[in-house]
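Encoded as structure tokens, the structure appears first; notes follow it.
The values are calculated or read from the model by the stated rules, or taken from the named source; none is laboratory data. What you see is a predicted model; the values in this text were computed from it and never measured. Every residue, glycine as well, gets a Cβ built from its backbone with ideal geometry; the counts of neighbours run over all protein chains shown.
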């Protein structure tokens with residue numbers, strides 16, 4: 001995502017190829033209309049930093065606001081964008097402009113954004129199917145209706161509106177699920193930057209505590225943000241989690257002002273966004289660089305469960321395979337460490353079947369990763385029917401606790417898919433948990449690219465073994 005798009009536009013080949021691929025899926029007479037994201041006000045006289053819509057950026061590589069892409073089944077691409085305006089550019093920065101857009105972006109033609117409403121009805125006339133992103137932009141449906149009404153008003157002149165409307169997100173989700181070489185290259189660079197940021201935060205924590213300086217969560221967040229920007233990442237991919245001590249047992253905790261104390265663990269879940277692509281890393285480490293016995297026991301268990309998940313991640317396996325492998329390892333470890341017991345929870349199989357592990361591990365092991373940190377793409381295999389009609393309720397933190405009317409076959413993993421592997425364990429004070437483990441939260445997360453023979457972890461530039469973390473923090 002270029003920060004000065006008018007002077008350094010992205011190269012067009014990957015974007016032109018994606019547009020051509022989508023055009024082939026629109027069907028005879030199809031046309032797609034895709035807007036970028038709107039500018040979001042932050043307060044009375046200030047906006048949030050602009051980030052383009054992921055679908056729009058995937059097809060154009062264009063990062064300016066107030067832009068739309070129109071694509072036909074014949075492959076004709078039209079961009080609507082902000083016109084050149086010397087006065088606005090003094091305030092807001094250079095604009096690419098419609099005249100330069102075709103050569104810079106590889107689109108066939110471009111027009112000023114203020115002509116969109118006048119030109120769109122004509123482009124929609126006598127097209128068979130209109131594709132647009134459903135339920136993604138507030139007010140878009142109303143705007144589409146307005147264009148179609150203008151087409152209908154010309155019925156006496158032979159103009160007919162599209163008879164079918166379809167969600168363009170569906171084919172784009174499938175396209176984005178398999179990353180191309182351009183995407184994987186960007187994601188590897190994002191992963192390297194994020195790994196450096198985690199290392200910087202680990203070292204800073206130990207150094208400040210050794211120096212007797214007070215350390216707070218926001219100090220480590222500052223180290224993350226510094227490293228992201230130092231190496232060219234435009235944004236954090238999501239709100240950074242920096243959780244000290246018991247705060248690590250809150251899954252979506254944000255970096256606040258809590259003190260970081262020697263003897264406690266710190267959980268950092270943070271990643272940068274580079275050129276529109278996210279990274280997502282979690283590491284849990286001792287604030288002063290030394291694991292205690294109880295901390296190490298739980299840490300080694302989570303690390304073993306991640307290894308089990310990694311071993312299960314390969315082309316041809318189901319998306320659920322890494323989670324099932326991690327759960328089995330974690331649940332056995334809970335028995336071994338006294339968090340679960342056979343008298344109350346039965347056998348390993350019983351504990352898994354009845355989800356007794358949920359007291360300590362309540363989220364899924366993986367999600368898709370790409371332009372969005374929880375990226376698009378179905379988690380069930382297209383074309384495969386449900387195996388059973390028995391209703392059940394998915395666990396909290398799974399699919400949101402919603403009732404599932406049928407067991408839907410999980411997605412088959414294929415080379416080029418990217419997912420996270422992030423098992424964890426969270427022990428809050430409770431009568432059934434040994435007190436030595438209370439208020440310990442541990443998660444280990446890496447980003448995995450599916451390959452034919454297994455998976456490639458692209459985030460392992462930051463250490464993960466307990467001994468390696470301790471050595472790093474002593475340096």
Tell me whether the stretch 381-395 contains one or more residues that are modelled with pLDDT of 85 or more and either closer than 27 Å to residue 266 by Cβ or in contact with a strand residue (DSSP E or B) (Cβ under 7 Å, 6 or more places away or on another chain) (or both).
yes
Restricting to the stretch 272-296, and then to whatever is touching a helix residue (DSSP H, G or I) at 6+ places or on another chain (Cβ under 6 Å) and under 22 Å from residue 322 (Cα atoms), can you tell me which residue is surrounded by the fewest Cβ atoms within 10 Å (Cβ to Cβ)?
283
Check every one of the strands (runs of 3 or more DSSP E) wholly within the stretch 31-134 and list those with 2 or more residues that are within 21 Å of residue 167 (Cα to Cα) and in contact (Cβ under 8 Å) with a residue 12 or more places away in the chain.
68-72, 77-81, 129-132
Count of residues meeting criterion [surrounded by fewer than 16 Cβ atoms within 10 Å (Cβ to Cβ) and touching a residue at least 12 places away in the same chain (Cβ under 8 Å)] in the stretch 413-437:
7
Residues of the stretch 6-27 being modelled with pLDDT of 95 or more, more than 24 Å from the chain's Cα centre (by Cα) and more than 16 Å from residue 167 (Cα to Cα), in sequence order, are 20
Scanning for something in the same structural domain as residue 188 (by TED's automatic domain parsing), farther than 19 Å from residue 369 by Cβ and touching a strand residue (DSSP E or B) at 6+ places or on another chain (Cβ under 6 Å), does the stretch 227-236 turn up at least one residue?
no
Scan of the stretch 146-164 for residues that are under 30 Å from residue 375 (Cβ atoms) and surrounded by fewer than 16 Cβ atoms within 10 Å (Cβ to Cβ), ordered by number
164
Conditions (1) free of Cβ contacts under 8 Å to residues at least 24 places away in the same chain; (2) part of a helix (DSSP H, G or I); number of the one not met by residue 144
(1)
Qualifying residue in the stretch 313-322 (condition: in the same structural domain as residue 367 (by TED's automatic domain parsing), surrounded by 21 or more Cβ atoms within 10 Å (Cβ to Cβ) and free of Cβ contacts under 8 Å to residues at least 40 places away in the same chain):
no
Residue count, the stretch 323-368 (criterion: closer than 22 Å to residue 408 by Cα, assigned to a loop (DSSP other than H, G, I, E, B) and free of Cβ contacts under 8 Å to residues at least 12 places away in the same chain):
1
Condition first: farther than 27 Å from residue 187 by Cβ and either in a helix (DSSP H, G or I) or under 27 Å from the mean Cα position of the chain (by Cα) (or both). Now tell me which residues in the stretch 259-285 satisfy that.
265
Taking the conditions exactly as written (under 29 Å from residue 34 (Cβ atoms) and surrounded by 14 or more Cβ atoms within 10 Å (Cβ to Cβ)), does residue 216 satisfy them or not?
no
Which of the following residues is under 17 Å from residue 441 (Cβ atoms), at pLDDT 95 or above, surrounded by fewer than 22 Cβ atoms within 10 Å (Cβ to Cβ) and assigned by TED's automatic domain parsing to the domain that holds residue 298: 250, 266?
250
Out of (1) assigned to a helix (DSSP H, G or I); (2) surrounded by 22 or more Cβ atoms within 10 Å (Cβ to Cβ), the one residue 462 does not meet is (1)
For the stretch 161-206, enumerate the residues that are assigned to a loop (DSSP other than H, G, I, E, B) and under 18 Å from the mean Cα position of the chain (by Cα).
178, 179, 180
